[in-house]
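Asks: Before I ask anything, let me first share the structure, which is written out below as structure tokens.
The values are calculated or read from the model by the stated rules, or taken from the named source; none is laboratory data. As the structure is a prediction and not an experimental result, all values here were calculated from the model. Neighbour counts run over all protein chains shown; Cβ positions are idealised from the backbone, glycine included.
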Amino acid sequence: MNREAVQHWIASAGQPLSGNVRVPGDKSVSHRAVMLGAIAEGTTRIRGFLEGEDTRATARVFAQLGVCIEAPSAGERIVHGVGLHGLRGSDAPLDCGNAGTGMRLLTGLLAAQSFDSTLIGDESLSRRPMRRVAEPLAAMGARIDSEPGGLPPLRLHGGAKLLGVETTTAVASAQVKSALLLAGLYADGETVVREPHPTRDYTERMLAAFGWPIEFTPGAARLRGGHRLTAIDVDVPADFSSAAFFIVAATLVPGSELRIEAVGMNSRRTGLLGALRLMGADIREENRQEQGGEPVADLVVRHAPLHGIEVPVELVPDMIDEFPILFVAAACANGRTVVRGAAELRVKESDRIATMATGLRGLGIEVEETPDGAVIEGGRLRGGSIESHGDHRIAMSFAVAAQLAEAEVRIDDVANVATSFPGFVALAKAAGMAMVQ
């Protein structure tokens with residue numbers, strides 16, 4: 001492909017970040033609100049819905065399955081639920097786009113339907129492992145075919161009779177746990193899911209909000225089939241993973257003081273705050289409240305010099321999506337940062353350990369890769385060119401790194417940023433970052 005034809009950014013050192021920003025709605029909550037609203041009884045109104053390609057793909061799938069979903073304005077959806085057994089099969093494949101969350105959760109939900117379904121995705125999603133979901137679902141009675149290696153497309157055979165199981169997942173993954181719980185809505189008996197480490201509990205919280213009896217504690221959840229979901233109104237908090245880029249940018253750029261409004265503060269999501277505070281970050285939480293069943297707060301971030309740390313392994317599951325931007329913080333810190341226990345990064349939208357290591361080395365930072373992490377020596381960032389490999393979080397992380405670089409940084413293959421953070425460039429520029437599309 002012609003390099004000039006690939007969508008890219010040019011980013012460079014800008015101004016101190018200041019003022020107030022509001023990042024888009026939480027992607028995880030947006031996905032789940034559409035899914036549960038679709039199989040609930042009644043009309044679910046969603047405010048703060050993320051207008052990203054991933055979440056829109058999930059909404060399109062449910063429209064294809066016979067659910068009426070209105071979009072009266074940006075960030076708003078009205079979902080006319082069809083009940084637990086009201087979905088209708090589609091002869092055409094169900095395209096999840098780039099949404100790993102969408103595909104994995106849909107696999108659990110659709111495995112119990114009376115009709116066949118085929119789940120497909122884009123080139124990136126088609127390289128992501130689905131065996132971790134398909135195998136435990138098969139233990140419940142689901143019949144799922146895939147490509148060699150457990151890769152999409154996934155072909156789900158309808159009419160399977162699911163039985164509740166008690167299982168401990170092989171990996172700590174909120175997506176795997178959620179797929180099993182959604183299948184458990186349709187299963188005979190009790191479904192119990194335990195995890196090697198606690199992960200995000202968005203699905204559990206939202207099932208409870210929609211009226212499904214469920215018990216959950218960190219690292220474990222249980223429910224029985226045979227109940228129903230009742231429509232509610234959902235206010236989606238601002239996405240912590242999107243806020244993370246501004247948290248780190250304001251921490252690193254001298255003179256910055258930035259308020260990020262109404263950020264989702266689910267404790268299974270905010271491990272990055274713990275790591276940054278151990279490194280010396282100045283992050284204050286204000287206006288704590290509940291929104292859409294989730295805790296939210298304004299985050300006030302001031303510039304602070306950082307020092308390297310050994311990232312506590314217990315924080316890893318609660319910050320798995322934030323490691324690319326943590327790598328940038330580590331690159332700008334004084335001393336060495338060690339990351340372990342993050343092998344999951346190898347199978348995200350890209351191999352995030354390898355991609356971040358290569359990019360940081362290209363900007364002059366010493367990085368030693370390990371199978372489940374990296375050792376990063378803080379230093380001075382020079383300019384250069386970065387290949388994001390179509391990974392939205394890699395692209396945005398290097399846009400932040402460029403704010404500290406000695407020369408401009410070109411970031412290639414950035415189109416997929418629209419999957420999670422539409423309007424990133426405009427918001428970043430408004431806050432003080434220097435970027436050109």
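Asks: Look at segment 391-411 and say how many of its residues are part of a loop (DSSP other than H, G, I, E, B) and crowded, with 22+ Cβ neighbours inside 10 Å.
Replies: Here is the first cut: in segment 391-411, the residues part of a loop (DSSP other than H, G, I, E, B) are 391, 403-408.
Keeping just the survivors that are crowded, with 22+ Cβ neighbours inside 10 Å gives 391, 403.
Residues meeting the conditions: 2.
Asks: Next question, about the same structure. Return yes or no: is Val21 in contact with a Leu (Cβ under 7 Å, 6 or more places away or on another chain), within 23 Å of Val417 (Cα to Cα) and assigned by TED's automatic domain parsing to the domain that holds Thr251?
Replies: Working: in contact with a Leu (Cβ under 7 Å, 6 or more places away or on another chain): yes; within 23 Å of Val417 (Cα to Cα): yes; assigned by TED's automatic domain parsing to the domain that holds Thr251: yes.
Here the answer is yes, as Val21 does meet what is asked.
Asks: Being exposed (fewer than 14 other Cβ atoms within 10 Å of the Cβ) and in a loop (DSSP other than H, G, I, E, B) is the filter here; which residues of segment 69-85 pass it?
Replies: Taking segment 69-85 as the starting set, the residues that turn out to be exposed (fewer than 14 other Cβ atoms within 10 Å of the Cβ) are 70, 72-74, 83, 85.
Passing the criteria: Pro72, Ser73, Ala74, Gly83, His85.
Asks: Check every one of the strands (runs of 3 or more DSSP E) wholly within segment 276-379 and list those with 2 or more residues that are within 20 Å of Ile260 (Cβ to Cβ), under 20 Å from the mean Cα position of the chain (by Cα) and at pLDDT 95 or above. So that I can check it myself, show each step before the final result.
Replies: Details: elements: 282-291, 294-302, 336-339, 366-370, 373-377.
By residue number, 294-302.
Asks: Next up: Among the residues of segment 420-437 satisfying the criterion of being of a type outside the set (A, V, I, L, M) and more than 18 Å from Phe323 (Cα to Cα), which is surrounded by the fewest Cβ atoms within 10 Å (Cβ to Cβ)?
Replies: Taking the candidates together, the pick is Gln437.
Asks: Part of a helix (DSSP H, G or I), out of contact with any Ser or Thr (no Cβ under 8 Å at 6 or more places or on another chain) and free of Cβ contacts under 8 Å to residues at least 40 places away in the same chain: does that describe Ala92?
Replies: Details: part of a helix (DSSP H, G or I): no; out of contact with any Ser or Thr (no Cβ under 8 Å at 6 or more places or on another chain): yes; free of Cβ contacts under 8 Å to residues at least 40 places away in the same chain: yes.
For Ala92, the condition - part of a helix (DSSP H, G or I), out of contact with any Ser or Thr (no Cβ under 8 Å at 6 or more places or on another chain) and free of Cβ contacts under 8 Å to residues at least 40 places away in the same chain - is not met.
Asks: Name the single residue that is surrounded by the most Cβ atoms within 10 Å (Cβ to Cβ) among those in segment 45-68 being part of a helix (DSSP H, G or I) and among the β-branched types (Val, Ile, Thr).
Replies: From segment 45-68, those part of a helix (DSSP H, G or I) are 53-64; that's our starting set.
Checking the rest, the ones that are also among the β-branched types (Val, Ile, Thr) come to 55, 58, 61.
Working: Thr55: 30, Thr58: 27, Val61: 26.
Per the stated criteria, the residue is Thr55.
Asks: Moving on. Residues of segment 142-172 being in contact (Cβ under 8 Å) with a residue 40 or more places away in the chain and closer than 24 Å to Arg194 by Cβ, which ones?
Replies: In the first step, residues of segment 142-172 are kept if they are in contact (Cβ under 8 Å) with a residue 40 or more places away in the chain; the result is 142, 152-154, 156-160, 162, 164, 171-172.
Scanning segment 142-172 gives Ala142, Ala160, Leu162, Gly164, Val171, Ala172.
Asks: In segment 261-319, what residues are closer than 30 Å to Ile46 by Cα, of a type in the set (Gly, Ala, Ser) and buried (at least 19 other Cβ atoms within 10 Å of the Cβ)?
Replies: Residues of segment 261-319 closer than 30 Å to Ile46 by Cα: 261-273, 283-301, 317-319.
Keeping just the survivors that are of a type in the set (Gly, Ala, Ser) gives 262, 264, 267, 271, 292-293, 297.
Answer for segment 261-319, where residues must be closer than 30 Å to Ile46 by Cα, of a type in the set (Gly, Ala, Ser) and buried (at least 19 other Cβ atoms within 10 Å of the Cβ): Ala262, Gly264, Gly271, Gly292, Ala297.
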